[in-house]
Amino acid sequence: MIYDFHCHTNLSDGALTAIELIRRAHHAGYKAIAVTDHVAQGSLQRVLTEIIRDCALARAHWDILAIPGVELTHLPAAAIAETAQQAKALGAWLVVVHGETTTEPVEKGTNRAAIQCRNVDILAHPGLLTLEEAELAAANNVFIELSARKGHCLSNGHITNIARQAGARLLVDSDAHQPDELLSAALDLHVAQGAGLSREECHQVLTLNPKLLIQKLRLPGIKQD
């Protein structure tokens, strides 16, 4: 079963509508998918309104946990906490923050601001994550992403090493923008192994940690495994 907590639709810079993305994920064998389009404060309500409705439609008819979420992207670091709180108040089940990837000019301090925010669930592609940041993530139960996306994946090995030292929890996400970027079971495993995870760590990251995240989210009306 595949869990993927970071995907995009044509509500931001993806190719598909939310419902088509979820349908394709369901067909590909996904257990859960989070729709997490890029937002800032100006687009937050508009984007979430559509995502919430399509995720609810998918859950009502298909055997897939479709999670409405957002990815706070290129915000000033000082605005992350306020915006994450607003997202949860507007109905986001999951808040991802676009971390300090080495391939984009993300404001320095974004990783720390995300990790310190109680309404942030995942720090995506955090680039050259520091040990101190990883220790804060472990203490605050913020999950750290290993990315399958080109460019963002360049620091996966570093992230694995730092997270292992700190005891931080990792996830593998697709950051899909196109249908052919969705995960398969084989790609999921290859990303984990390529990041330097052992066989036992792969099981933890690909199977157990997604269940822990779902439990943490306390999703309304969703039976916990």
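Tabulated values for the structure
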quantity	calculated
Pairs of Lys in the chain closer than 18 Å at Cα, counting only those 8 or more apart or on different chains	5
Computed E for Ala185/Ala56 - FRET, C-beta separation, R0 22 angstrom, nearest 0.05	0.25
Efficiency of FRET from Cβ geometry, Ala89 and Glu132, R₀ 22 Å, rounded to 0.05	0.15
Rounded D (µm²/s) - segment 2-217, Kirkwood Rh over Cα pairs, Stokes-Einstein at 4 °C, 1.567 mPa s	78
Whole-number D in µm² s⁻¹ for segment 117-225, Kirkwood Cα-pair radius fed into Stokes-Einstein, 10 °C, 1.306 mPa s	112
Cα centroid of segment 106-131 to Cα centroid of segment 192-214, whole Å	20
Mean Cα-pair separation over length for the chain, i.e. relative contact order, pairs under 8 Å, 6 or more apart, %	18
Estimated vicinal HN-Hα couplings, Hz - segment 27-42 in sequence order (Karplus 6.51, -1.76, 1.60; Gly, Pro = x)	5, 7, x, 5, 8, 8, 9, 10, 8, 10, 5, 5, 9, 10, 5, x
Value of Rg/Rh across segment 16-137 [Cα atoms, Kirkwood radius]	1.00
Lys216 paired with Ala79, simple spin-label distance in nm, labels 7 Å along Cα-to-beta-carbon	2.5
Amide H contacts of Val172 (H built 1.01 Å from N, under 5 Å, at least 5 apart or other chain)	Leu146
With 5 Å bins from 0: P(r) over segment 93-179, alpha-carbon pairs, percent	3, 17, 30, 27, 17, 5, 1, 0
Inter-label distance for Arg24 and Asn161, nm, one decimal - labels placed 7 Å from Cα along Cα-to-Cβ	3.5
Net charge of neighbours whose Cβ lies under 15 Å from the Cβ of Glu135, counting Lys and Arg as +1 and Asp and Glu as -1	+1
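Throughout, read-outs are computed from the coordinates displayed, never taken from laboratory work. Since the structure is predicted, the reported quantities are computational estimates derived from the model, not experimental observations. Cβ sites come from the backbone with ideal geometry, for glycine too, and all protein chains shown count toward neighbours.
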